[in-house]
Ligand SMILES: [Zn+2]
């Protein structure tokens, strides 16, 4: 079976970096909103672990291919869109230059971060200092990421807000 969606041109490759180990780098310029990496689910896993992606409140999967090699940044050039298989596609949030590292924010897919060293070395001027999950982001960052995150995070937020409001009204 030929999947039409897999026919996107790959404009990235895996490279070793002195600072961060392996990373994914653009091999040519990528435009804003362009699909950069196609998400394919390899398998579901019972628990969160360091390479798992959270795709629901209690659901974690492993993505096939090189998506798990994409490093975190507190000022990422990519975000997440869920595709029709339920996997996470990586989409450019802005123009990405040739040789620029492809990055996303782990908070775009994980409500909390349990498996990474807390110190962040992404080097962005907006670096939060530690790798934190969605629940710890400021409202301002949540707003700027809102179209580029796993949708269940927004659902969890709205449930928390509803609960708080109903408590206040009691
Ligand atoms: Zn950072």
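Here, each number is a calculation from the coordinates, and none is a lab measurement. Here the structure is a predicted model, which is why all the values come from computation and not from measurement. Every residue, glycine as well, gets a Cβ built from its backbone with ideal geometry; the counts of neighbours run over all protein chains shown.
Couple of notes before you dig in:
- The residues in the range 50-60 that are under 13 Å from the mean Cα position of the chain (by Cα) and surrounded by 16 or more Cβ atoms within 10 Å (Cβ to Cβ) can be counted, and the count is 4.
- Subset of the range 130-170 [in contact with a helix residue (DSSP H, G or I) (Cβ under 9 Å, 6 or more places away or on another chain) and in contact (Cβ under 8 Å) with a residue 60 or more places away in the chain]: 145, 148, 149, 150, 156
- Restricting attention to the range 60-88, the residues that are assigned to a strand (DSSP E or B), in contact with a helix residue (DSSP H, G or I) (Cβ under 8 Å, 6 or more places away or on another chain) and away from the ligand (no atom under 16 Å from the Cβ) total 5.
- The lone exception for residue 111 - which of (1) away from the ligand (no atom under 11 Å from the Cβ); (2) not in a loop (DSSP other than H, G, I, E, B) it fails: (2)
- Every residue from the range 120-142 that is within 23 Å of residue 154 (Cα to Cα) and surrounded by 14 or more Cβ atoms within 10 Å (Cβ to Cβ): 127, 128, 131, 132, 133, 134, 135, 136, 137, 141, 142
- Inside the range 35-92, residues that are out of contact with any strand residue (DSSP E or B) (no Cβ under 9 Å at 6 or more places or on another chain), touching a residue at least 60 places away in the same chain (Cβ under 8 Å) and farther than 21 Å from residue 147 by Cβ make up a count of 1.
- Given (1) outside any loop (DSSP other than H, G, I, E, B); (2) within 13 Å of the ligand (Cβ to nearest atom), index of the condition residue 91 fails: (2)
- So residue 122, is it within 13 Å of the chain's Cα centre (by Cα) and either part of a strand (DSSP E or B) or within 15 Å of the ligand (Cβ to nearest atom) (or both): no
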